[in-house]
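The values are calculated or read from the model by the stated rules, or taken from the named source; none is laboratory data. Just so we're clear, the structure is a prediction, and the values are computed from it rather than from any experiment. Here the Cβ is made from the backbone with ideal geometry for all residues, glycine too, and neighbour counts use every protein chain on show. The accessibility values were calculated without ligands, DNA or RNA, using every heavy atom of the protein model including side chains. Shrake-Rupley method; radii C 1.70, N 1.55, O 1.52, S 1.80 Å.
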Amino acid sequence: YVKNTMKNLHFIQGSNVIEELEGKISPSVPAIVVSAGPSLDKNIGEIKKAKGKALIIATDTAVRYLEKEGIFYDCIVTLDPRKPVDYFTDVPDCKHKPLFCSILGKPGLLKFHEGRKIWCSSNLILPALYKKYGIELKKLSSGGSVATDATELARRLGIQNVILVGQDLAYGEHGTHAGGVVMATRAETRYTVEGIDGKPIETRNDWLYYLHWFEEQAKI
C-alpha cells in the first residue's frame with residue numbers, strides 16, 4: 001500500500017475527487033454496475049439498450065468483456081492494489097474512460113490509463129492532503145469488492161436506482177466469472193444456498209459477505 005501510494009502521488013495533478021461530482025447527475029437517472037460474473041455472458045447484450053439512458057459503470061474485471069462486444073460504458077471503477085494490469089492493457093481503448101480509483105491502486109494500471117482520474121478516498125493520505133487546501137474528503141464505505149464499491153460510488157453521486165448486472169455471487173456452470181474463467185481465493189469455503197429462482201446454487205464465503213452488504217445497504 002505504501003509503495004503504491006508513493007508511486008501514485010504524481011497522478012493527483014489534473015485529477016478530481018468524488019465530492020466535485022456529487023449532485024451533477026439527476027437522481028432520476030439509474031446506474032448500471034457491470035460485473036464479470038458468469039451471467040454476464042447471457043446478459044451483456046442488454047446493456048447496449050441502456051446507452052444514453054443510464055450511467056453505465058464498468059468494474060475493472062468487466063471492461064474487457066464490454067470492449068470485446070463493442071458495448072458503450074461511461075466509466076470504470078478499480079480500487080484493488082493488486083489488480084492485474086492486463087485487465088486494461090488487453091483492451092487499450094479503455095485508457096481514455098473516466099476512472100474512479102484509489103491512491104493505493106496498482107501503479108502500472110494507473111500509468112496505462114490516460115483519461116480523467118477521480119479519487120475515491122479509502123485511506124488517510126488523500127483527506128490529509130486535500131484538507132490543506134480546504135477540501136474535505138469523505139471516506140468511501142467499502143463492502144470489500146469492486147462491485148460493492150461501485151454501488152456505493154453511484155449512491156454518493158446521488159443516484160437512487162442501482163441495477164446490478166453480472167453480480168452473481170455464485171458459481172456458474174463453467175467457472176466463477178464470465179467466459180468460463182475460474183478465479184479461486186486462498187481460503188475458499190463453499191456453501192449451498194437458495195438462488196433467486198428458488199433452486200439451490202453454490203456460493204463461497206467472500207461472496208456471502210458481499211451479499212449481506214448489498215442486503216444491508218438496500219435497507220438504507
- Specify the inter-centroid distance of the range 97-124 and the range 143-175, based on alpha-carbon positions, in whole Å. 19
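Pulled fully out, how much extra length does the chain show between Ala184 and Ser39, if you take 0.36 nm times their separation in residues and subtract their Cα-Cα distance? Each step should come with its number before you reach the end.
Working: separation 145, 0.36 × 145 = 52.20 nm, distance 1.77 nm.
Result for the pair: 50.4 nm of gain on full extension.
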- Note on the structure: With only helices counted (DSSP H, runs n ≥ 4, each -39500 (n - 2.57)), the per-residue ellipticity at 222 nm for the chain, to the nearest 500, works out to -7000 deg cm²/dmol
- Could you work out how far apart the two model spin labels at Ser142 and His174 are, taking each label as a point 7 Å from the Cα in the direction of the beta carbon, and quote it in nm? 3.3
- Quote the accessible area belonging to Met183 in square angstrom, nearest 10, computed with a 1.4 Å probe and with ligands, DNA and RNA left uncounted. 60
- Note on the structure: With Cα springs under 10 Å, the Gaussian network model of the chain assigns the largest mean-square fluctuation among Gly158, Gly143, Gly134 to Gly134
- Query: Given Cα pairs under 8 Å that are at least 6 residues apart, what percent is the relative contact order of the chain?
  - Reply: 26
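Arrange the residues Asp60, Asp93 by how much accessible surface each exposes, largest first, with a 1.4 angstrom probe. Let's see the in-between values first.
Details: Asp60 0, Asp93 115 Å².
So the residues, ranked largest to smallest area, are Asp93, Asp60.
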- Obtain the nm distance between the two label points defined at Glu114 and Asp197 by a simple spin-label model: each point lies 7 Å from its Cα along the Cα-to-C-beta direction. 4.4
- Message: Can you give the FRET efficiency to the nearest 0.05 for Asn161 and Ile12, using r as the Cβ-Cβ distance and R₀ = 25 Å?
- Response: 0.20
- Find the centroid of the Cα atoms in the range 188-220 and in the range 18-77, then give the distance between the two in whole Å. 22
- Note on the structure: Computed over the range 127-210, the relative contact order (Cα-Cα under 8 Å, seq sep at least six) in percent reads 20
- Give me the accessible area of Phe100, 1.4 Å probe, in Å² rounded to the nearest 10. 10
- Sequence neighbours fewer than 8 away in the same chain don't count; with that in mind, list the aspartates and glutamates whose C-alpha is under 16 Å from Lys111. Asp60, Asp80, Asp86, Asp90, Asp93
- Just Arg156, Arg116, Arg82 to compare: in a GNM of the chain, with alpha carbon springs under 10 Å, which one fluctuates most? Arg82
- Note on the structure: The helix 205-219 Cα axis meets the longest alpha-carbon principal axis of the chain at an angle in degrees, between 0 and 90 and rounded to 10, of 70
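Compute the FRET efficiency between Tyr133 and Tyr1 as 1/(1 + (r/R0)^6), taking r as their Cβ-Cβ distance and R0 = 25 Å, and round to the nearest 0.05. Spell out each step's value before the answer.
Numbers: r = 23 Å, r/R0 = 0.93.
With a Förster radius of 25 Å, E is 0.60.
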- Using a Gaussian network model of the chain whose springs link C-alpha atoms within less than 10 Å, name the residue from Ala170, Ala150, Ala184 with the highest mean-square fluctuation. Ala184
- Query: If you take all C-alpha pairs in the range 75-203, what percent of them are over 21 Å apart?
  - Reply: 53
- If you bin every alpha carbon distance in the range 6-49 into 10 Å steps from zero, what whole percent lands in each bin? 18, 28, 29, 24, 1
- Over all directions, the chain yields a Cα convex hull whose mean projected area in nm² is 12.5
- Query: With axes computed from alpha carbons, what is the tilt in degrees of helix 146-156 against the longest principal axis of the chain, rounded to the nearest 10 within 0 to 90?
  - Reply: 60
